[in-house]
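Visitor: Dropping the structure in here first, questions after.
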Amino acid sequence: MLVGGLLSALHIALAIGVSAQIVLTKDDVRSAIGWIGLVWLAPIVGSALYLVFGINRINRQIGPMRKRPPLDPADRAALMRGTSNEPGPSALGAEAAPAMQAIARIVGTVTRLPLESGCSIEPLVNGDETYPAMIAAIDAAERTVAMATYIFDRGIAGSQFVDAFSRAVKRGVAVRVLIDGVGARYSHPPIVDELKRRGVPVARFLPGVLPFPHPYVNLRNHRKMMIVDGTVAFAGGMNVRDSCLLALQRPDATQDLHFRIRGPVVRQIMQAFAVDWEFTTQENLPESTWAPVSAPAGDIAARAIPDGPDTDFETILMVLLGAVSAATHSIRISSPYFLPDPPLIDALRVAALRGVTVDIVLPEHGNLRLVEWAMNAQLPQVLAWGCRVYLSRPPFDHSKLLIVDGEWSLIGSANLDPRSLRLNFEFNLECYSRPLATHLSSLLDNKIAMGRQLTVQDLEHRPLWRRLRDGVAWLAQPYL
């Protein structure tokens, strides 16, 4: 009796304290209700689970900020959104369309970064085009190579990259490779050991506690970027995996899109990598060596959009909402995982009601069953209000694009799901260029022409058991 009474008292004390912490720190009511329910319904265990998994302890303040005391809410807000109401400088001329001016102001305000003119951005389709271009850039490196990726698998592609990094190190090039701690385990044994054996400096971002990869683990570095000599960069949504080499005709073949980038915005990409590298290794990479000012290389205006569950929290979500709201005639989306939160769903529906053409291209068959089922349950929310959804034919399409009014493009690593927009570290770029947007739209046109359109009737005519299955999966949407 005495022990039972003590445990009950401990449970109540813990539950009250943890519930108070949840109410004071969580800004998502669904998350708060879920955690509080677990805390009270699972005595002591629920509180322990929250204390271990429910608190975001990520703090990537670097340099002098590392020694400062914890920030109070007002200071944290100032750090997250800047101390001034003025956005980052814009490189758009007065002749730019009002919608583009509006988007540029929104992105400048939330990122605090300048819009850089004089950039060149070249799309690279699948690993068949991307990997040879990246390896050629590594082989041409004279001073520095920095690469961050979520997944770096062993295999044909992985071996080619390891060999190229090893050659660069032997030439005296400074190389840094950052692999996500969970993504590093997608092949066995992890390629990290091989990189170390070959003398390539490599680190794991937040190594996972589970001995196997898990696609639903949070706080992952989902960014994919490589910067060579501070003058050329590669960024997009592509990991290093043999499945991205369509010429191999693997059963898990994956279509994807990456970009070769030159010009002043390369410096912003390198700065994003440097923050991640210093957070992981405590090594500072001097800008004079790693991020020199790049000369103009084209006619595209571009800006980096780093995002993560710390000082860049919900940056990409704000950009998405702003861009969708500013669109005047067209919104075109490609995403492998389409599970937007209600605000973004509403923004797309309102855009369609305003007469904006909203086209959404999704893979016909996904690679994560729970996500695919949840998507099926949620798609009627946009279809019923005039958005058009198209399913691209296999192989699985991992491409991520947003194109607004045939002029503004958002490229990078973020998916349209809660994991990317709230829980992981992502890196995107905004690009102002009609020729680039036209080229990317043509890629979507080809997918649409070869695929099929999905209608509300298609989803309603699914067997009852499938609709129930998909609906149950959709209940986990905030955690997928």
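Visitor: State which residue is surrounded by the fewest Cβ atoms within 10 Å (Cβ to Cβ) when the search covers only the stretch 435-459 and only residues that are free of Cβ contacts under 8 Å to residues at least 24 places away in the same chain, of a type outside the set (A, V, I, L, M) and closer than 19 Å to HIS365 by Cα. Lay out the reasoning, then the answer.
Guide: Restricting attention to the stretch 435-459, the residues satisfying the condition of being free of Cβ contacts under 8 Å to residues at least 24 places away in the same chain are 435, 442, 445-446, 449, 457-458.
Now narrow it down to the ones that are of a type outside the set (A, V, I, L, M): 435, 442, 445-446, 457-458.
From what is left, the residues that are closer than 19 Å to HIS365 by Cα are 445-446, 457-458.
Working: ASP445: 13, ASN446: 11, GLN457: 8, ASP458: 15.
Result: GLN457.
Visitor: If we only count strands (runs of 3 or more DSSP E) wholly inside the stretch 99-203, which ones have 2 or more residues that are under 30 Å from TRP408 (Cα atoms) and β-branched (Val, Ile, Thr)?
Guide: Numbers: elements: 116-125, 144-149, 174-180.
Result: 116-125, 144-149.
Visitor: Test VAL202 against the stated conditions and say whether it is over 24 Å from the mean Cα position of the chain (by Cα), buried (at least 16 other Cβ atoms within 10 Å of the Cβ) and at pLDDT 95 or above.
Guide: Numbers: over 24 Å from the mean Cα position of the chain (by Cα): no; buried (at least 16 other Cβ atoms within 10 Å of the Cβ): yes; at pLDDT 95 or above: yes.
So VAL202 does not fit the description; no.
Visitor: Also, quick follow-up: Between a residue in the stretch 26-42 that is more than 18 Å from LEU10 (Cβ to Cβ) and any residue that is part of a helix (DSSP H, G or I) and open to solvent by 60 Å² or more (accessible area, probe 1.4 Å), which pairs come within a Cβ distance under 8 Å, given they are 6 or more apart or on different chains?
Guide: ALA32/VAL23
Visitor: Tell me which residues, restricted to the stretch 363-380, are surrounded by 17 or more Cβ atoms within 10 Å (Cβ to Cβ) and touching a helix residue (DSSP H, G or I) at 6+ places or on another chain (Cβ under 7 Å).
Guide: GLY366, LEU370, TRP373, ALA374, ASN376, ALA377, GLN378, LEU379
Visitor: Something else now. So, in the stretch 136-167, exactly how many residues are open to solvent by less than 20 Å² (accessible area, probe 1.4 Å) and either in contact with a Pro (Cβ under 7 Å, 6 or more places away or on another chain) or free of Cβ contacts under 8 Å to residues at least 40 places away in the same chain (or both)?
Guide: Qualifying residue count, the stretch 136-167: 4.
Visitor: I would also like to ask the following. Being in a loop (DSSP other than H, G, I, E, B), crowded, with 23+ Cβ neighbours inside 10 Å and at pLDDT 95 or above narrows it down to one residue among MET270, MET238; which is it?
Guide: Details: MET270 fails: in a loop (DSSP other than H, G, I, E, B).
On inspection, the qualifying residue turns out to be MET238.
Visitor: Could you tell me how many of the residues in the stretch 316-354 are open to solvent by 50 Å² or more (accessible area, probe 1.4 Å) and touching a Ser or Thr at 6+ places or on another chain (Cβ under 9 Å)? Even if it seems obvious, please write down each step before you answer.
Guide: Here is the first cut: in the stretch 316-354, the residues open to solvent by 50 Å² or more (accessible area, probe 1.4 Å) are 318, 325, 328-329, 342-343, 346, 349-350, 353-354.
Narrowing further to those that are touching a Ser or Thr at 6+ places or on another chain (Cβ under 9 Å): 318, 329, 350, 354.
Number of matching residues: 4.
Visitor: Any idea which of (1) among the aliphatic types (A, V, I, L, M); (2) open to solvent by 80 Å² or more (accessible area, probe 1.4 Å); (3) modelled with pLDDT of 75 or more; (4) part of a helix (DSSP H, G or I) is the one VAL3 doesn't satisfy?
Guide: Against the list (1) among the aliphatic types (A, V, I, L, M); (2) open to solvent by 80 Å² or more (accessible area, probe 1.4 Å); (3) modelled with pLDDT of 75 or more; (4) part of a helix (DSSP H, G or I), VAL3 comes up short only on (3).
The values are calculated or read from the model by the stated rules, or taken from the named source; none is laboratory data. Here the structure is a predicted model, which is why all the values come from computation and not from measurement. Note: ideal-geometry Cβ built from the backbone for every residue, glycine included; neighbour counts use all protein chains shown. With ligands, DNA and RNA removed, areas are computed over all heavy atoms of the protein, side chains included. Shrake-Rupley method; radii C 1.70, N 1.55, O 1.52, S 1.80 Å.
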